[in-house]
Amino acid sequence: MKTVIITEGISALAESAYTFDLYQTEVKACCGCWSCWLKTPGRCIFNELDTLYYHYINAERIIYLAKVKKGFISSELKAFFDRMLPLYLPYISVKTEECMHVPRYSHYPDVEFYYEEEFETDREREVFENYIKRTFYQFYSKLIVVKPLVAYDKVGEVN
């Protein structure tokens, strides 16, 4: 199984085809130029994610190891999510009775999202987990697991 690990400085010992650390590579924010859709379809004008895009779309599973900042994802991870746009087409589908970008590829990986806990209430945790599930639903992932980091045992298995 091809696995990609996307981490925020959290060690990951799982076997993976590719590991991307958001703390080691600065992900530029999307500038909204639409080049990834119009001028160079599927390619961003910034190239620091080119290798990741290839591994991401060819993976069967993506494992995220994320830090929670003030009850939400970090700015680094938000910029990363925004920069996933080249993996989708600029067209909008409403076949699910909601607006979603049309997928560019026939397959998108399953997602396991583990996060360091930092919530004051159960409601905050619920809102956070629902946001993550919704994001990956929009990214066309079929299986979406969202759990605290303690449920990840560093070999890619869920406790």
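From the cross-link list Lys69/Lys147; Lys70/Lys147; Lys2/Lys142; Lys2/Lys70; Lys78/Lys142, which pairs have alpha carbons spaced over 24 Å apart?
Details: Lys69/Lys147 16 Å; Lys70/Lys147 17 Å; Lys2/Lys142 16 Å; Lys2/Lys70 33 Å; Lys78/Lys142 21 Å.
Over 24 Å apart, Cα to Cα: Lys2/Lys70.
According to the Cα-based calculation, Rg over Rh for the chain is 0.95, with Rh computed by the Kirkwood formula. Only the Cβ atoms of Lys and Arg (+1) and of Asp and Glu (-1) were treated as charged; on that basis the dipole of the stretch 101-143 about its Cα centre amounts to roughly 520 debye.
Entry for the stretch 54-110 at q = 0.13, 0.14, 0.18, 0.29 Å⁻¹: log10 I(q)/I(0) = -0.45, -0.52, -0.82, -1.14, Debye formula applied to identical alpha-carbon scatterers, no solvent contribution. For the chain, the per residue solvent-accessible surface stands at 56 Å², with DNA, RNA and ligands left out and a 1.4 Å probe. Positive end of the charge dipole of the stretch 10-118 (Lys, Arg +1 and Asp, Glu -1 on Cβ, about the Cα centre): tell me which of Ala29, Ile62, Phe113 has its Cα farthest that way. In the stretch 10-118, that residue is Ala29. Per-residue accessible area (protein heavy atoms, 1.4 Å probe) orders His107, His55 as His107, His55, starting from the largest.
Full extension of the chain between Cys99 and Tyr54 yields a length gain of 13.6 nm, computed as 0.36 nm times the residue separation minus the alpha carbon distance.
Give the residues of the stretch 67-104 whose amide nitrogen is closer than 16 Å to a point set 7 Å from the Cα of Leu38 in the direction of its Cβ. Only 86, 89-92 fall inside the zone, counting backbone N under 16 Å. In this simple spin-label approximation, Glu124 and Tyr137 carry label points 7 Å from Cα along the Cα→Cβ vector, and these lie 2.4 nm apart.
Which GluC sites (Glu not before Pro) does the stretch 85-116 hold that lie in a coil by DSSP with at most 12 other beta carbons within 10 Å?
Values: sites: Glu97, Glu98, Glu112, Glu116; in loops: Glu97, Glu98, Glu116.
Those satisfying the criteria are Glu97, Glu98.
Counting only protein chain heavy atoms and rolling a 1.4 Å probe, the accessible areas of Arg134, Arg61, Arg43, Arg125 rank, largest first, as Arg43, Arg134, Arg125, Arg61.
The values are calculated or read from the model by the stated rules, or taken from the named source; none is laboratory data. In this text the structure is predicted, and so the values were computed from the model without any measurement. Methodologically, a virtual Cβ is constructed for each residue, glycine included, from the backbone with ideal geometry; neighbour enumeration extends over all protein chains shown. Only protein heavy atoms, including side chains, enter the accessible area calculation; ligands, DNA and RNA are left aside. Shrake-Rupley method; radii C 1.70, N 1.55, O 1.52, S 1.80 Å.
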